[in-house]
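The values are calculated or read from the model by the stated rules, or taken from the named source; none is laboratory data. Treat the numbers as computed from the prediction; the structure is a model and nothing was measured. Cβ sites come from the backbone with ideal geometry, for glycine too, and all protein chains shown count toward neighbours. Surface accessibility is based on the protein's heavy atoms, side chains included, excluding ligands, DNA and RNA. Shrake-Rupley method; radii C 1.70, N 1.55, O 1.52, S 1.80 Å.
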Amino acid sequence: MTTNTSSRTEETTRAPEHLADLVGDAESFLGEVWGTHTATFSCERAKTLLSAADVWRELDCGSLIAPYFGILREGTDPTVSGIAETRIVQTKPRPGYAKPAAVRQLVASGHVFVLSQLEDWNGRVGALVDSLRAECRAQAGAAAYFCAAGSDGVPAHADGAHTLTVQLEGRMRWVVGEGAHASETVVEAGDILYVPAGQVRQGAPCGTDALYLVISLQQPTARDLAELALATFLKSSAAEEIAGTHHFLSLEEKVAWLRTELSAHLAGHDRGALAEQAVLLRQREGRA
């Protein structure tokens with residue numbers, strides 16, 4: 001009997017590329033879990049997205065520059081204060097380059113090192129984020145966090161986006177919610193923690209160094225969709241036709257026209273296409 005070990009190895013080492021790779025049944029996840037409650041999943045392949053060795057290699061290569069890295073000093077907004085320097089590049093000063101020794105010193109003292117916007121410069125993470133953006137119809141981004149054992153980790157905070165936290169190495173203890181509604185979860189390498197938008201959470205390494213990836217997914221708001229629908233309506237043939245004759249109408253006639261034409265315009269809209277357009281606009285504008 002011959003066993004195809006090469007295909008088995010490829011299956012276990014290939015990085016996840018779709019939502020189903022992370023959560024199993026994507027349809028059930030989006031229909032029953034999304035936006036309602038926290039949940040944990042397991043994906044052994046998720047560990048191949050990024051390693052601590054990758055993180056330190058990026059730091060030591062000499063080309064890491066802001067805004068693609070930072071340190072959490074206070075709160076949850078990364079800063080490069082004290083860990084960046086100005087270098088001369090092609091005879092011109094260029095600020096924001098990472099200082100590896102300074103970063104390591106702060107990490108050793110308990111601060112969290114962050115690699116930001118990984119979807120822009122890490123191929124595996126970028127491919128996954130691209131798929132999630134389309135599958136969830138959401139603005140998507142990713143950042144990696146490295147916490148040394150014994151550090152306080154990440155303080156309590158709430159995101160305006162849904163998050164998939166992928167544990168890459170080590171263990172993290174997460175507390176999600178507040179007061180009587182708080183729940184505690186310990187995740188290990190290969191685990192994924194989903195937290196709905198707006199939920200308060202805080203995390204700390206659980207006896208080990210820990211590396212995890214946070215994928216943020218923010219769907220368009222009702223206002224985003226309304227603004228986009230109205231903008232497309234104002235460019236429609238109906239709106240252009242009345243632009244030169246509306247002054248002949250009474251106020252009541254204008255309101256009646258608007259009600260009729262806008263309703264017809266919205267009824268003819270492809271809801272999926274409208275959502276995708278809104279996602280693209282949010283992504284270009286960089287709105288969180």
Tell me, which residue of region 153-197 that is more than 22 Å from ASP77 (Cα to Cα) and acidic (Asp, Glu) is most open to solvent (accessible area, probe 1.4 Å)? GLU184
Restricted to region 134-150 and to residues being more than 17 Å from SER116 (Cα to Cα) and modelled with pLDDT under 95, the residue surrounded by the most Cβ atoms within 10 Å (Cβ to Cβ) is ALA138
Take region 81-109 and flag every residue that is open to solvent by less than 70 Å² (accessible area, probe 1.4 Å), modelled with pLDDT under 95 and among the β-branched types (Val, Ile, Thr). VAL89
Under the condition of being under 17 Å from PRO16 (Cβ atoms) and of a type in the set (D, E, K, R), which residue from region 110-133 is most open to solvent (accessible area, probe 1.4 Å)? ARG124
Check THR76, THR40 and return the single one that is open to solvent by less than 70 Å² (accessible area, probe 1.4 Å), under 18 Å from the mean Cα position of the chain (by Cα) and hydroxyl-bearing (Ser, Thr, Tyr). THR76
Select from region 77-95 the residues that are out of contact with any Leu (no Cβ under 9 Å at 6 or more places or on another chain) and either within 17 Å of LEU118 (Cα to Cα) or in a strand (DSSP E or B) (or both) and list them in ascending order. ASP77, VAL80, ALA84, GLU85, THR86, ARG87, ILE88, VAL89, LYS92, PRO93, ARG94, PRO95
Could you tell me which numbered condition GLU227 fails, if it satisfies all but one of (1) surrounded by fewer than 17 Cβ atoms within 10 Å (Cβ to Cβ); (2) modelled with pLDDT of 95 or more? (2)
